[in-house]
1. Using a probe radius of 1.4 Å on heavy atoms only, what accessible surface per residue do you get for the range 8-193? Whole Å² is fine.
2. Keeping all protein chains in place, calculate the accessible area per residue for the range 222-399 (probe 1.4 angstrom), answer in Å².
3. Taking 25 °C and 0.890 mPa s as the conditions, I'd like the Stokes-Einstein D for the range 8-193 in µm²/s, using the Kirkwood hydrodynamic radius from alpha carbon pairs.
4. Which Cα, out of Phe309, Leu348, Ala320, lies furthest along the positive dipole direction of the range 239-354 (beta carbon charges, K/R +1, D/E -1)?
5. Roughly what would the spin-label model give for Leu306 and Ser47, points 7 Å off Cα along C-beta, in nm?
6. Plugging the Kirkwood radius over Cα pairs into Stokes-Einstein for the range 222-399, at a temperature of 37 °C and a viscosity of 0.692 mPa s, what D comes out in µm²/s?
7. For a paramagnetic label modelled at 7 Å from the Cα of Leu60 toward its Cβ, which residues of the range 92-129 fall within the zone defined by backbone nitrogen distances under 18 Å?
8. Using a 1.4 Å probe on the protein heavy atoms, what percent of the accessible area of the range 222-399 belongs to carbon and sulfur?
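The values are calculated or read from the model by the stated rules, or taken from the named source; none is laboratory data. In this text the structure is predicted, and so the values were computed from the model without any measurement. Heads up, the Cβs are rebuilt from the backbone with ideal geometry, glycines too, and the neighbour counts pull from every protein chain shown. Surface areas here come from the heavy atoms of the whole protein model, side chains and all, with no ligands, DNA or RNA. Shrake-Rupley method; radii C 1.70, N 1.55, O 1.52, S 1.80 Å.
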Amino acid sequence: MGQKRWYVRHYAWIGLAALWMIGFNGAISRFIMASYQVQMSEDLHVSRGFISIAWSANLLIAALCAPVGGRLVDRYGPRKVMLLASVFSICGTGLVYMSHGPVFFFIGYGVLSGLAGIGASTAFVLLFKWFGRHKAKAAGILSSASSVGLAVCTPVFLANKMLTWENAFFISAALGLVLTIPLILFVIRPAETAAENQTPERKDAPIDAAETPLQPSRPSRGTFSLPIIVVAFALFTCGINMGTVEMNLVAIHQQAEVAAGTIALSMGVLGVMEIIGSLVFGLLMDAIHKRLAMILLYGLRILSFLVLFLHTPWSPVVFAVIFGITYLGAVPGGMLIANELTDRKGSLIGKLLLFHQAGGILGALIGGIAYDAFQNYQLLIAVDAVLCVIAVIGYSLIKLKHSIQKGVLSHAG
(Lines give C-alpha, C1' and ligand atoms only; values in the text may rest on other atoms or scores of the structure.)
Protein backbone atom coordinates (compact mmCIF):
# COMPACT_ATOMS: atom_id res chain seq x y z
CA MET A 1 0.00 0.00 0.00
CA GLY A 2 2.84 2.36 0.92
CA GLN A 3 4.65 1.56 -2.33
CA LYS A 4 1.49 2.29 -4.32
CA ARG A 5 1.05 5.68 -2.62
CA TRP A 6 4.71 6.50 -3.30
CA TYR A 7 4.25 5.57 -6.98
CA VAL A 8 1.13 7.73 -7.33
CA ARG A 9 2.75 10.65 -5.52
CA HIS A 10 5.87 10.58 -7.68
CA TYR A 11 4.28 9.45 -10.95
CA ALA A 12 4.70 12.85 -12.62
CA TRP A 13 8.48 12.45 -12.49
CA ILE A 14 8.30 8.79 -13.53
CA GLY A 15 6.14 9.82 -16.48
CA LEU A 16 8.60 12.60 -17.33
CA ALA A 17 11.45 10.07 -17.40
CA ALA A 18 9.42 7.92 -19.81
CA LEU A 19 8.67 10.90 -22.06
CA TRP A 20 12.37 11.84 -22.01
CA MET A 21 13.38 8.39 -23.25
CA ILE A 22 10.65 8.47 -25.91
CA GLY A 23 11.85 11.90 -27.05
CA PHE A 24 15.48 10.80 -27.10
CA ASN A 25 14.67 7.81 -29.30
CA GLY A 26 12.37 9.84 -31.55
CA ALA A 27 15.16 12.30 -32.35
CA ILE A 28 17.70 9.65 -33.40
CA SER A 29 16.62 9.64 -37.05
CA ARG A 30 17.42 13.38 -37.29
CA PHE A 31 20.96 12.74 -36.09
CA ILE A 32 21.33 9.92 -38.61
CA MET A 33 20.33 12.27 -41.42
CA ALA A 34 22.79 14.92 -40.25
CA SER A 35 25.67 12.48 -39.77
CA TYR A 36 25.38 10.29 -42.89
CA GLN A 37 24.24 12.70 -45.59
CA VAL A 38 27.28 12.06 -47.80
CA GLN A 39 27.13 8.27 -47.42
CA MET A 40 23.39 8.23 -48.14
CA SER A 41 23.77 10.17 -51.38
CA GLU A 42 26.58 7.86 -52.52
CA ASP A 43 24.85 4.59 -51.58
CA LEU A 44 21.48 5.63 -53.06
CA HIS A 45 23.13 7.23 -56.14
CA VAL A 46 21.27 10.48 -55.60
CA SER A 47 22.34 14.08 -55.08
CA ARG A 48 22.61 15.69 -51.69
CA GLY A 49 19.77 17.88 -52.84
CA PHE A 50 17.54 14.79 -52.88
CA ILE A 51 18.48 14.06 -49.26
CA SER A 52 17.67 17.67 -48.37
CA ILE A 53 14.31 17.41 -50.13
CA ALA A 54 13.49 14.30 -48.08
CA TRP A 55 14.48 16.21 -44.92
CA SER A 56 12.33 19.21 -45.93
CA ALA A 57 9.38 16.95 -46.79
CA ASN A 58 9.64 15.36 -43.36
CA LEU A 59 9.58 18.79 -41.68
CA LEU A 60 6.72 20.05 -43.83
CA ILE A 61 4.50 17.00 -43.30
CA ALA A 62 5.27 17.03 -39.56
CA ALA A 63 4.32 20.72 -39.43
CA LEU A 64 1.02 20.15 -41.23
CA CYS A 65 0.25 17.15 -39.02
CA ALA A 66 0.83 19.04 -35.75
CA PRO A 67 -2.55 20.86 -35.65
CA VAL A 68 -4.36 17.73 -36.87
CA GLY A 69 -2.72 15.75 -34.08
CA GLY A 70 -3.70 18.44 -31.60
CA ARG A 71 -7.38 17.98 -32.48
CA LEU A 72 -7.01 14.21 -32.16
CA VAL A 73 -5.44 14.68 -28.73
CA ASP A 74 -8.43 16.72 -27.57
CA ARG A 75 -10.81 14.05 -28.87
CA TYR A 76 -9.06 10.75 -28.15
CA GLY A 77 -6.42 11.61 -25.55
CA PRO A 78 -2.64 12.07 -25.86
CA ARG A 79 -1.58 8.46 -25.23
CA LYS A 80 -3.48 7.03 -28.23
CA VAL A 81 -2.14 9.75 -30.52
CA MET A 82 1.39 9.22 -29.19
CA LEU A 83 1.09 5.51 -29.91
CA LEU A 84 -0.07 6.16 -33.49
CA ALA A 85 2.75 8.64 -34.05
CA SER A 86 5.28 6.07 -32.82
CA VAL A 87 3.89 3.47 -35.21
CA PHE A 88 4.36 5.91 -38.12
CA SER A 89 7.93 6.60 -36.99
CA ILE A 90 8.82 2.91 -36.63
CA CYS A 91 7.30 2.07 -40.01
CA GLY A 92 9.21 4.93 -41.63
CA THR A 93 12.63 4.03 -40.22
CA GLY A 94 11.95 0.33 -40.80
CA LEU A 95 11.12 0.95 -44.46
CA VAL A 96 14.34 2.93 -44.93
CA TYR A 97 16.33 0.01 -43.49
CA MET A 98 14.60 -2.79 -45.42
CA SER A 99 14.56 -1.09 -48.82
CA HIS A 100 17.55 0.34 -50.66
CA GLY A 101 16.01 2.56 -53.32
CA PRO A 102 15.59 6.35 -53.29
CA VAL A 103 11.80 6.13 -53.72
CA PHE A 104 11.36 3.99 -50.60
CA PHE A 105 13.86 6.17 -48.75
CA PHE A 106 11.73 9.22 -49.51
CA ILE A 107 8.49 7.46 -48.57
CA GLY A 108 10.00 6.06 -45.37
CA TYR A 109 11.77 9.12 -44.04
CA GLY A 110 10.11 11.98 -45.89
CA VAL A 111 6.49 10.80 -45.62
CA LEU A 112 5.92 8.12 -42.96
CA SER A 113 8.32 9.59 -40.42
CA GLY A 114 6.85 13.01 -41.17
CA LEU A 115 3.37 11.71 -40.29
CA ALA A 116 4.71 11.09 -36.79
CA GLY A 117 4.25 14.84 -36.39
CA ILE A 118 0.67 14.15 -35.25
CA GLY A 119 2.20 13.41 -31.85
CA ALA A 120 4.02 16.75 -31.54
CA SER A 121 1.66 18.15 -28.89
CA THR A 122 1.21 14.98 -26.81
CA ALA A 123 4.16 15.40 -24.45
CA PHE A 124 3.23 19.00 -23.62
CA VAL A 125 -0.40 18.07 -22.94
CA LEU A 126 0.66 15.25 -20.63
CA LEU A 127 3.18 17.39 -18.75
CA PHE A 128 0.68 20.20 -18.24
CA LYS A 129 -1.79 17.69 -16.81
CA TRP A 130 0.71 15.91 -14.55
CA PHE A 131 2.59 18.89 -13.13
CA GLY A 132 1.56 21.86 -11.03
CA ARG A 133 4.13 24.52 -10.19
CA HIS A 134 7.02 22.53 -11.72
CA LYS A 135 5.64 22.65 -15.29
CA ALA A 136 8.48 24.80 -16.65
CA LYS A 137 11.18 22.72 -14.99
CA ALA A 138 9.65 19.53 -16.39
CA ALA A 139 9.34 21.04 -19.88
CA GLY A 140 12.99 22.13 -19.75
CA ILE A 141 14.15 18.67 -18.75
CA LEU A 142 12.10 17.10 -21.54
CA SER A 143 13.55 19.53 -24.10
CA SER A 144 17.07 18.44 -23.14
CA ALA A 145 16.46 14.98 -24.63
CA SER A 146 17.28 16.16 -28.16
CA SER A 147 20.42 17.99 -27.03
CA VAL A 148 21.71 15.00 -25.09
CA GLY A 149 20.90 12.89 -28.14
CA LEU A 150 22.93 15.25 -30.30
CA ALA A 151 25.84 15.13 -27.86
CA VAL A 152 25.76 11.31 -27.57
CA CYS A 153 24.59 9.99 -30.93
CA THR A 154 26.49 12.23 -33.36
CA PRO A 155 30.00 11.36 -32.04
CA VAL A 156 29.07 7.65 -32.03
CA PHE A 157 27.85 7.80 -35.63
CA LEU A 158 30.87 9.76 -36.86
CA ALA A 159 33.50 7.77 -34.95
CA ASN A 160 32.23 4.25 -35.64
CA LYS A 161 33.27 3.35 -39.18
CA MET A 162 31.56 -0.05 -38.93
CA LEU A 163 28.15 1.50 -38.28
CA THR A 164 26.33 2.32 -41.53
CA TRP A 165 23.35 4.63 -41.90
CA GLU A 166 21.16 1.61 -42.69
CA ASN A 167 22.16 -0.11 -39.46
CA ALA A 168 21.55 3.14 -37.57
CA PHE A 169 18.00 3.29 -38.94
CA PHE A 170 17.52 -0.34 -37.90
CA ILE A 171 18.63 0.51 -34.36
CA SER A 172 16.17 3.40 -34.31
CA ALA A 173 13.28 1.19 -35.45
CA ALA A 174 14.24 -1.57 -32.99
CA LEU A 175 14.38 0.86 -30.07
CA GLY A 176 10.95 2.08 -31.08
CA LEU A 177 9.58 -1.45 -30.83
CA VAL A 178 11.32 -2.56 -27.63
CA LEU A 179 11.42 0.76 -25.77
CA THR A 180 8.98 3.40 -27.05
CA ILE A 181 5.89 1.21 -27.55
CA PRO A 182 6.17 -0.54 -24.12
CA LEU A 183 6.72 2.80 -22.38
CA ILE A 184 3.58 4.24 -23.97
CA LEU A 185 1.49 1.15 -23.24
CA PHE A 186 2.64 0.38 -19.71
CA VAL A 187 4.13 3.56 -18.19
CA ILE A 188 2.40 6.56 -19.75
CA ARG A 189 -0.96 7.22 -18.13
CA PRO A 190 -3.78 8.86 -20.08
CA ALA A 191 -4.00 12.48 -18.95
CA GLU A 192 -7.77 12.20 -18.67
CA THR A 193 -7.47 9.59 -15.89
CA ALA A 194 -4.73 11.30 -13.92
CA ALA A 195 -7.13 12.74 -11.34
CA GLU A 196 -8.58 9.31 -10.53
CA ASN A 197 -5.46 8.35 -8.59
CA GLN A 198 -5.57 11.34 -6.24
CA THR A 199 -6.91 11.31 -2.72
CA PRO A 200 -10.52 12.61 -2.42
CA GLU A 201 -9.48 16.02 -1.15
CA ARG A 202 -6.99 16.40 -4.03
CA LYS A 203 -8.94 14.78 -6.83
CA ASP A 204 -8.84 17.91 -8.97
CA ALA A 205 -5.09 18.40 -8.48
CA PRO A 206 -2.28 17.64 -10.91
CA ILE A 207 -0.82 14.17 -10.59
CA ASP A 208 2.18 15.53 -8.69
CA ALA A 209 -0.03 16.00 -5.66
CA ALA A 210 2.66 17.61 -3.54
CA GLU A 211 2.62 20.68 -5.77
CA THR A 212 0.39 23.70 -5.64
CA PRO A 213 -2.58 23.27 -7.99
CA LEU A 214 -3.05 25.93 -10.62
CA GLN A 215 -6.22 27.82 -11.34
CA PRO A 216 -8.38 26.10 -13.96
CA SER A 217 -7.50 27.05 -17.51
CA ARG A 218 -9.79 29.63 -19.06
CA PRO A 219 -11.27 29.01 -22.50
CA SER A 220 -9.61 31.01 -25.22
CA ARG A 221 -11.41 34.24 -25.98
CA GLY A 222 -10.62 33.93 -29.63
CA THR A 223 -8.12 32.39 -31.96
CA PHE A 224 -6.66 35.81 -32.70
CA SER A 225 -6.42 37.22 -29.19
CA LEU A 226 -3.27 39.27 -28.53
CA PRO A 227 -1.51 36.69 -26.30
CA ILE A 228 -2.03 33.92 -28.85
CA ILE A 229 -0.80 36.10 -31.71
CA VAL A 230 2.31 37.06 -29.71
CA VAL A 231 3.10 33.44 -28.78
CA ALA A 232 2.55 32.30 -32.40
CA PHE A 233 4.85 35.03 -33.75
CA ALA A 234 7.50 34.33 -31.09
CA LEU A 235 7.47 30.61 -31.96
CA PHE A 236 7.70 31.49 -35.67
CA THR A 237 10.72 33.67 -34.82
CA CYS A 238 12.22 30.83 -32.79
CA GLY A 239 11.77 28.53 -35.78
CA ILE A 240 13.68 30.93 -38.04
CA ASN A 241 16.39 31.24 -35.38
CA MET A 242 16.66 27.44 -35.25
CA GLY A 243 16.76 27.16 -39.04
CA THR A 244 19.56 29.72 -39.10
CA VAL A 245 21.63 27.91 -36.49
CA GLU A 246 20.99 24.29 -37.49
CA MET A 247 21.38 24.75 -41.26
CA ASN A 248 23.56 27.81 -41.72
CA LEU A 249 25.72 28.49 -38.64
CA VAL A 250 28.75 26.51 -39.81
CA ALA A 251 28.49 28.13 -43.24
CA ILE A 252 28.25 31.57 -41.60
CA HIS A 253 31.48 30.94 -39.70
CA GLN A 254 33.20 29.54 -42.79
CA GLN A 255 32.19 32.56 -44.87
CA ALA A 256 33.70 34.75 -42.14
CA GLU A 257 36.94 32.71 -42.47
CA VAL A 258 36.79 31.33 -38.94
CA ALA A 259 39.38 28.60 -38.27
CA ALA A 260 38.06 25.04 -38.36
CA GLY A 261 39.21 24.42 -34.79
CA THR A 262 37.30 27.46 -33.55
CA ILE A 263 34.16 26.34 -35.37
CA ALA A 264 34.41 22.90 -33.77
CA LEU A 265 34.94 24.48 -30.34
CA SER A 266 31.96 26.82 -30.77
CA MET A 267 29.65 23.99 -31.85
CA GLY A 268 30.72 21.95 -28.82
CA VAL A 269 30.05 24.92 -26.55
CA LEU A 270 26.65 25.37 -28.22
CA GLY A 271 25.68 21.77 -27.44
CA VAL A 272 26.74 22.07 -23.80
CA MET A 273 24.91 25.39 -23.37
CA GLU A 274 21.74 23.89 -24.87
CA ILE A 275 21.62 21.34 -22.06
CA ILE A 276 22.47 23.90 -19.37
CA GLY A 277 20.01 26.43 -20.80
CA SER A 278 17.10 23.96 -20.84
CA LEU A 279 17.49 23.53 -17.08
CA VAL A 280 18.25 27.21 -16.35
CA PHE A 281 15.16 28.53 -18.13
CA GLY A 282 13.06 25.71 -16.72
CA LEU A 283 13.97 26.84 -13.20
CA LEU A 284 13.63 30.51 -14.15
CA MET A 285 10.12 30.14 -15.56
CA ASP A 286 9.02 28.37 -12.38
CA ALA A 287 10.49 31.19 -10.27
CA ILE A 288 9.41 34.38 -12.12
CA HIS A 289 6.63 35.55 -14.41
CA LYS A 290 6.72 33.43 -17.59
CA ARG A 291 6.24 36.44 -19.86
CA LEU A 292 9.17 38.19 -18.18
CA ALA A 293 11.30 35.07 -18.71
CA MET A 294 10.43 35.14 -22.44
CA ILE A 295 11.36 38.85 -22.65
CA LEU A 296 14.75 37.98 -21.15
CA LEU A 297 15.19 34.99 -23.48
CA TYR A 298 14.52 36.91 -26.71
CA GLY A 299 16.56 39.83 -25.38
CA LEU A 300 19.54 37.50 -25.06
CA ARG A 301 18.93 36.28 -28.60
CA ILE A 302 19.06 39.87 -29.89
CA LEU A 303 22.44 40.27 -28.18
CA SER A 304 23.68 36.94 -29.60
CA PHE A 305 22.80 37.87 -33.20
CA LEU A 306 24.45 41.27 -32.80
CA VAL A 307 27.61 39.44 -31.69
CA LEU A 308 27.35 37.10 -34.69
CA PHE A 309 26.77 40.04 -37.06
CA LEU A 310 30.05 41.68 -36.00
CA HIS A 311 32.23 38.66 -36.96
CA THR A 312 34.95 39.39 -34.42
CA PRO A 313 37.49 36.69 -33.45
CA TRP A 314 35.49 35.99 -30.30
CA SER A 315 32.05 36.01 -32.00
CA PRO A 316 31.69 32.23 -32.60
CA VAL A 317 32.23 31.15 -28.98
CA VAL A 318 30.40 34.12 -27.42
CA PHE A 319 27.44 33.56 -29.76
CA ALA A 320 27.41 29.88 -28.80
CA VAL A 321 27.29 30.75 -25.09
CA ILE A 322 24.57 33.42 -25.31
CA PHE A 323 22.34 31.79 -27.92
CA GLY A 324 22.94 28.29 -26.58
CA ILE A 325 21.49 29.12 -23.17
CA THR A 326 18.25 30.24 -24.87
CA TYR A 327 18.15 27.40 -27.40
CA LEU A 328 15.59 25.15 -25.76
CA GLY A 329 13.63 27.66 -23.67
CA ALA A 330 11.45 29.43 -26.25
CA VAL A 331 9.14 26.56 -27.19
CA PRO A 332 8.38 25.33 -23.63
CA GLY A 333 7.94 28.95 -22.52
CA GLY A 334 5.50 29.71 -25.31
CA MET A 335 3.56 26.51 -24.63
CA LEU A 336 3.35 27.28 -20.90
CA ILE A 337 1.82 30.68 -21.69
CA ALA A 338 -0.54 29.09 -24.24
CA ASN A 339 -1.55 26.52 -21.61
CA GLU A 340 -3.16 29.37 -19.63
CA LEU A 341 -5.25 30.55 -22.58
CA THR A 342 -7.52 27.63 -23.44
CA ASP A 343 -9.06 24.36 -22.29
CA ARG A 344 -8.54 22.82 -25.75
CA LYS A 345 -4.82 22.47 -25.16
CA GLY A 346 -4.05 19.91 -27.87
CA SER A 347 -5.58 21.99 -30.67
CA LEU A 348 -3.85 25.22 -29.66
CA ILE A 349 -0.46 23.61 -29.05
CA GLY A 350 -0.66 21.80 -32.40
CA LYS A 351 -1.39 25.06 -34.24
CA LEU A 352 1.43 26.86 -32.45
CA LEU A 353 3.90 24.11 -33.32
CA LEU A 354 2.92 24.59 -36.97
CA PHE A 355 4.16 28.21 -36.72
CA HIS A 356 7.44 27.01 -35.20
CA GLN A 357 8.00 24.38 -37.89
CA ALA A 358 7.14 26.85 -40.65
CA GLY A 359 9.73 29.25 -39.24
CA GLY A 360 12.34 26.48 -39.20
CA ILE A 361 11.75 25.65 -42.86
CA LEU A 362 11.81 29.34 -43.83
CA GLY A 363 14.94 30.03 -41.80
CA ALA A 364 16.83 27.30 -43.64
CA LEU A 365 15.67 28.65 -47.03
CA ILE A 366 16.39 32.33 -46.32
CA GLY A 367 20.04 31.52 -45.63
CA GLY A 368 20.62 30.04 -49.08
CA ILE A 369 18.67 32.79 -50.83
CA ALA A 370 20.52 35.53 -48.93
CA TYR A 371 23.91 34.04 -49.72
CA ASP A 372 23.10 33.63 -53.43
CA ALA A 373 21.99 37.27 -53.58
CA PHE A 374 24.69 38.96 -51.48
CA GLN A 375 27.46 36.37 -51.08
CA ASN A 376 27.15 36.63 -47.31
CA TYR A 377 24.67 35.86 -44.50
CA GLN A 378 24.39 39.37 -43.01
CA LEU A 379 20.79 39.80 -44.17
CA LEU A 380 19.78 36.50 -42.53
CA ILE A 381 21.43 37.49 -39.24
CA ALA A 382 19.75 40.91 -39.34
CA VAL A 383 16.34 39.32 -39.98
CA ASP A 384 16.85 37.07 -36.95
CA ALA A 385 17.73 40.05 -34.73
CA VAL A 386 14.79 42.20 -35.92
CA LEU A 387 12.28 39.38 -35.41
CA CYS A 388 13.60 38.86 -31.87
CA VAL A 389 13.11 42.59 -31.19
CA ILE A 390 9.46 42.29 -32.29
CA ALA A 391 9.04 39.20 -30.10
CA VAL A 392 10.37 41.15 -27.09
CA ILE A 393 7.92 43.98 -27.81
CA GLY A 394 5.06 41.48 -28.12
CA TYR A 395 5.79 39.71 -24.85
CA SER A 396 6.25 43.11 -23.17
CA LEU A 397 2.78 44.16 -24.33
CA ILE A 398 1.04 41.06 -22.98
CA LYS A 399 3.08 41.34 -19.76
CA LEU A 400 1.86 44.94 -19.39
CA LYS A 401 -1.71 43.91 -20.23
CA HIS A 402 -1.57 41.12 -17.65
CA SER A 403 -0.21 43.51 -14.99
CA ILE A 404 -2.98 46.05 -15.69
CA GLN A 405 -5.68 43.38 -15.50
CA LYS A 406 -4.21 42.06 -12.27
CA GLY A 407 -4.14 45.58 -10.81
CA VAL A 408 -7.76 46.20 -11.79
CA LEU A 409 -8.88 42.94 -10.21
CA SER A 410 -6.91 43.67 -7.03
CA HIS A 411 -8.45 47.14 -6.82
CA ALA A 412 -11.94 45.74 -7.39
CA GLY A 413 -11.35 43.13 -4.69
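1. With all protein chains present, the range 8-193 gives 42 Å² per residue.
2. Normalised by residue count, the accessible surface of the range 222-399 is 39 Å².
3. Answer from the Stokes-Einstein relation: 145 µm²/s.
4. Leu348
5. 4.1
6. Working: Rh = 16.4 Å.
The calculation lands on 200 µm²/s.
7. 103-118
8. Taking all protein chains in place, the range 222-399 shows 75 percent carbon and sulfur surface.
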